[in-house]
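To keep things clear, I will list the structure first and then write my remarks on it.
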Amino acid sequence: MTDDILLLDLGGTNLRVGYGNKDQKSVLKISKQKIHANEELHKIIQEIVEGSNTSEIVMSVAGPKRENKITMTNRNLVLDEIELKKNTKTDNFYLLNDWESIGYCLPLLQDEDFKTVKKGVNNPEKTCLAIGPGTGLGFSVLRYIKGHPVVSATELGNTRLYNDYLFNLFKINKGNDFSVLESFISGKGLEKIYYSKTNQQASSEEIVQSYGNNPHANFILEKFNEALGKILSDLTLTFLAYGGIYLAGSLMRSIIGLNLDDKMNSSYTSHPSNEHKKILENTSINLITKEHTPLYGNLNYSIVRRFHE
């Protein structure tokens, strides 16, 4: 048996694989396999396990976790931690929500793994927030209990508190296509808003790329950053995220590249109370540039889970 941990990260299309070394806190032999059908997933995992000679597997999956099961949000598939442990015949099998995993990655980030979007305190040993608009809106909270990290994944993207604010901000009519927060604040949300205003189909990538040359894209992306700043501001004060905020995902990397930071940052720090404004001014916002963050998060979960057992 090897001491390396088999790390798996399942998204809507691909299964990413890596091998984690706890002592060096490194992930090696990272690869990717396309999953064409749900039926082949268990067979592929079994083949990977047989070739790994490992006694521990940590797997992250996109979808909310209830007890030992995750129902995927981008596949018609339910994964059961107990069944996977039994089928793979491993001593230890752990199933994580993908944003739970990204949260566990934060303590492993080095200075070169992120870009500062807004200056402030950056301390991953205090409460931190991880958020990423992608297909949906992922969000998790990293806290410390007795000096050890504990991550809580959330379903922020499916809340409805901001709906009226966002209808007004984007100047769009209320409709069933905009039912929850991620209907607006996500890649799919950008596409829906663009279609609502123009009656034209465009991908989130095309909308971002047309910024500067397309008045509709300009308006939508500027308001998107303004809205995100307000939401992050409220989340910071809700969780007292003195350790900082971390943005993740390819969409945010593209949007930050448009130099719209001022729109988000001014919205973020706007508050009627001077004391609360100081908290916001002292909190950093960072963009994660490190690749394969769920695999590193899975590794860190394996390292710290023993402190909570």
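The values are calculated or read from the model by the stated rules, or taken from the named source; none is laboratory data. Here the structure is a predicted model, which means the values were calculated and not measured. Cβ coordinates were reconstructed from backbone atoms using ideal geometry, including for glycine residues, and neighbour counts include every protein chain displayed. Just the protein is used for accessible areas: all its heavy atoms, side chains included, with ligands, DNA and RNA removed. Shrake-Rupley method; radii C 1.70, N 1.55, O 1.52, S 1.80 Å.
Counting the residues of the stretch 94-103 that are open to solvent by less than 10 Å² (accessible area, probe 1.4 Å) and under 20 Å from Asp4 (Cα atoms) gives 3.
Quick check, is Gly249 among the small types (Gly, Ala, Ser), surrounded by 15 or more Cβ atoms within 10 Å (Cβ to Cβ) and at pLDDT below 95? Spelling it out, Gly249 is indeed among the small types (Gly, Ala, Ser), surrounded by 15 or more Cβ atoms within 10 Å (Cβ to Cβ) and at pLDDT below 95. Counting only residues that are over 21 Å from the mean Cα position of the chain (by Cα) and in contact (Cβ under 8 Å) with a residue 12 or more places away in the chain, which one in the stretch 129-147 is nearest to Ser101 (Cα to Cα)? My answer is Ile145. With respect to the conditions (1) in contact with a strand residue (DSSP E or B) (Cβ under 7 Å, 6 or more places away or on another chain); (2) modelled with pLDDT of 95 or more; (3) among the hydrophobic types (A, V, I, L, M, F, W, C); (4) exposed (fewer than 15 other Cβ atoms within 10 Å of the Cβ), Phe239 falls short on a single one, namely (4). Being surrounded by fewer than 21 Cβ atoms within 10 Å (Cβ to Cβ) and assigned to a loop (DSSP other than H, G, I, E, B) is a property that holds for Lys126. Which one is nearest to the chain's Cα centre (by Cα), of the residues in the stretch 39-67 that are open to solvent by 70 Å² or more (accessible area, probe 1.4 Å) and at pLDDT below 85? That would be His42. Scanning the stretch 1-38 for residues that are over 18 Å from Phe93 (Cα atoms), modelled with pLDDT of 90 or more and open to solvent by less than 40 Å² (accessible area, probe 1.4 Å) turns up just one, Ser26.
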